[in-house]
Structures are given as structure tokens and as C-alpha cells.
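Trainee: The following block contains the structure, expressed as C-alpha cells.
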Amino acid sequence: MPAPRTVLLTGAAGGMGTLMRELLPPYGYQLRLLDQLPIEGEPEAITADLSDRDALREAVRGVDAIIHLAGISLEAPFEKILRANIEGTYNVYEAAREAGVRRIVFASSNHVVGFTPRPVGDDPLIPLDTPRRPDTYYGLSKAFGEDLAAFYWDKHGIETVAIRIGSCFPEPTTVRMLSIWMSPADGARLLHAALTAENVGFTTVYGSSANTRLWWDLSSARALGYEPQDDSEPYAAKLIAEQGELEPGNPDHAYLGGAFCTNPPIWPR
Ligand code: NAI
Ligand code: 15L
């Protein structure tokens, strides 16, 4: 597959989308931006909801690949998750199939495996093939997205790298994030690897930096050519002084998904 140049970035107005709009063009990509919200300073960005199939058909025309970040990124009532994350992701894959787009990078989440006990002490890293244990409707929708991607590979030959992203923010802000943080620069490195690796078929990877306190196995991401350069450890002393160490007896600390497992916020309908 020739290296993709023109890439549709959905969710371009969001937190990660905003970071990636800065970080991906130096790799040589021309980004076409889409979000339900207008993006200041980007007059050519497509403002469209994922339910608008005509707009998606137009948006994917002529692109080499899609980075699909758009969707609800936290817990929400099931009906909202259904429309944005489940039906919305289906609409993106259908538009890709119709237009002949061959590669999608799907923003999955650690919350697909959120109810996996976090490693303690000398426990092994969480492997990629650990059973899926979604912690929210949100996590369930990402599990659906992974299965949808596998189906579109098996049935229609559209390749996907599904990245189970940890926490991609400029800095880690909790002690839990020390283990799953993906620096924005490493996020761009991983997206670039996911766009350019040959013969990925359907591949799932965990998405994080090379954190000292890492909880999961990054080997499938490294197999794509991803070489993380960052580590959350410089933030550890301050965060631990402020928040304390993770405690086995605290239900918010017991599982990989953190507080998503115990106290998922349900937004107003
Ligand atoms: P975000 O909530 O900041 O951005 C999501 C964007 O999607 C927003 O700009 C929103 O307007 C757009 N969007 C939502 N529903 C839409 C719809 N129906 N049609 C069109 N646009 C819609 O989320 P963030 O942090 O940028 O995350 C990006 C993606 O990565 C999400 O899919 C999220 O689930 C996933 N992810 C992010 C993590 C992180 O640490 N930032 C961790 C794990 C997964
Ligand atoms: C996610 O999936 C969310 O999109 C993000 O906002 C963070 O909450 C992240 O997981 C996390 O687990 O820290």
C-alpha cells in the first residue's frame, strides 16, 4: 500500500483532534477535518454529524485513509452512545467501503477492558488477548467498534488498526494516568505507524507511552514500527504527593478503567 497522504480526521475539534492537527502534518499528511462542531481558523473543515451519511460520503471522497476519533468520549446514556459511537462508526465504515478507502485507524479505548484488574507488584503486563471486560456503555461501544472493524476487514478488505488509547492529554493528571498516559507526541507517532505499517489486516494495540509504571503489553504497537519516546515518570512524585499511591482496597483503583468502573457519570438526557 502506498503511504497515505490525504487523511480524513474525524473528531478534529476535540482534545486529541486539536493536538493531532498540529502534530500530524509534519509527517507529511494533508488532513481533511470533520467534526459536528465548527473549528475556529479552519474554514475548510467539514461541519457534520456522524449520522449525516451524505456528508460522510462527501468527506471520504479521495482520501487515502481515515483516523476516526469522533464520538462521545466518556460515559453517557445508552441512546446517545448508540447514535454517536455505534451507528456513527458504522456510517464511517460504510462510507469508506463505498469510496474504496483501504485503511482506518479507529480510536478504541482502554475501557474495552476496563474491568480487568490492574497489575499489582510483579503481576505480568496485561496482554492484548485478555478477555474484553467493558466498564461502561462507552466501553461497550468501543468493543463494538473493534468487532465492526474486524468484520470490515474479513468481509470487505478494509484494514484497521484499533488503538486502545490510555489517556492522551498534554500531561498525566492522576496517579492512574501514570500507567496509561500517551503523550501527544507519542500519540502522533503511533497514528503515523498505524497509517503506514504494511499488511495490518485487523490489528488491535494498546496506546500509551513507554511509561515506567506501564500496565499493558505494547508489543503489538511496536510491531507496527511504533517507538514511544516518552515516559510519565517525571510527573510521578508530584502526583503521588498530591493524591497518594493507588490503594488495592479502593474500588476506584482496583481495575484498569479506574472510576469508570465504579461511578460512571450519566449525563442529563
Ligand atoms: P473529545 O470528546 O475531546 O472529542 C471528540 C470529538 O468528537 C468532539 O470534537 C465532538 O464534537 C466530536 N463528535 C462527537 N460526536 C460526534 C458526532 N455524532 N458527529 C460528529 N462529531 C462528533 O475526545 P478526545 O479526548 O479527543 O478523544 C478522541 C477519541 O479518542 C474518542 O473517540 C475517544 O473515545 C477516544 N479516546 C480518547 C482518549 C483520550 O485520552 N483522549 C482515551 C481513549 C479513547
Ligand atoms: C477514555 O476513553 C476517555 O475518552 C478519556 O477522556 C479518558 O477518560 C481516558 O479514557 C482514561 O481512561 O483516562
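The values are calculated or read from the model by the stated rules, or taken from the named source; none is laboratory data. Not measured: the values here are computed from a predicted model. Cβ sites come from the backbone with ideal geometry, for glycine too, and all protein chains shown count toward neighbours. We work out accessible area using only protein heavy atoms, side chains counted, and drop any ligands, DNA or RNA first. Shrake-Rupley method; radii C 1.70, N 1.55, O 1.52, S 1.80 Å.
Trainee: Over region 32-166, with every protein chain in place, what whole percent of the accessible area is carbon and sulfur at 1.4 Å, could you tell me?
Mentor: It is 50 percent, rounded to a whole number.
Trainee: Hey, how many Å between the Cα centroid of region 25-81 and the Cα centroid of region 138-214?
Mentor: Using only Cα atoms to place each centre, the spacing works out to 18 Å.
Trainee: Name all residues of region 56-84 having a backbone nitrogen under 14 Å from the label point set 7 Å from the Cα of residue 173 along its Cα→Cβ direction, giving them as ranges.
Mentor: Within reach of a label on residue 173, which here means backbone N under 14 Å from a point 7 Å along Cα→Cβ, region 56-84 contributes 74.
Trainee: Could you pull out the GluC sites (Glu not before Pro) across region 1-105 that fall in loop regions by DSSP (anything but H, G, I, E, B) with no more than 12 other Cβ atoms inside 10 Å?
Mentor: 40, 44
Trainee: Right, something else. Got a number for the accessible area of residue 176? Probe 1.4 Å, square angstrom, nearest 10.
Mentor: 40 Å²
Trainee: Taking a 1.4 Å probe, which of 80, 238, 142 shows the most accessible area, and what order do the others take after it?
Mentor: 238, 80, 142
Trainee: So who's got an amide H within less than 5 Å of the one on residue 118, skipping anything under 5 residues away but keeping other chains? H placed 1.01 Å off N, in plane.
Mentor: 255, 256
Trainee: Before anything else, pin down the relative contact order of region 59-114: Cα pairs under 8 Å, at least 6 apart, normalised by residue count, whole percent.
Mentor: Averaging sequence separation for qualifying contacts and normalising by length gives 56 percent for region 59-114.
Trainee: Additional query: For the chain, what is the mean residue ellipticity at 222 nm derived from helices alone (per DSSP H run of n ≥ 4: -39500 (n - 2.57); sum divided by total residues; nearest 500 deg cm²/dmol)?
Mentor: Taken over the chain, the calculation gives -9000 deg cm²/dmol.
Trainee: Which of the lysines could a cross-linker span from residue 142 if the Cα-Cα distance has to be under 19 Å and same-chain partners fewer than 8 positions apart are dropped?
Mentor: 80
Trainee: While we're looking at this one, here's another question. With the contact rule set at Cα under 8 Å and sequence spacing of 6 or more, what percent relative contact order holds for the chain?
Mentor: 19 percent
Trainee: Please sort by residue number the GluC sites (Glu not before Pro) in region 117-207 whose DSSP state is loop and whose Cβ has at most 15 other Cβ atoms within 10 Å.
Mentor: Of the GluC sites (Glu not before Pro), the ones in loops of region 117-207 whose Cβ has at most 15 other Cβ atoms within 10 Å are 198.
Trainee: Accessible area per residue of the chain at 1.4 Å probe, in Å²?
Mentor: Solvent-accessible surface per residue comes out at 45 Å².
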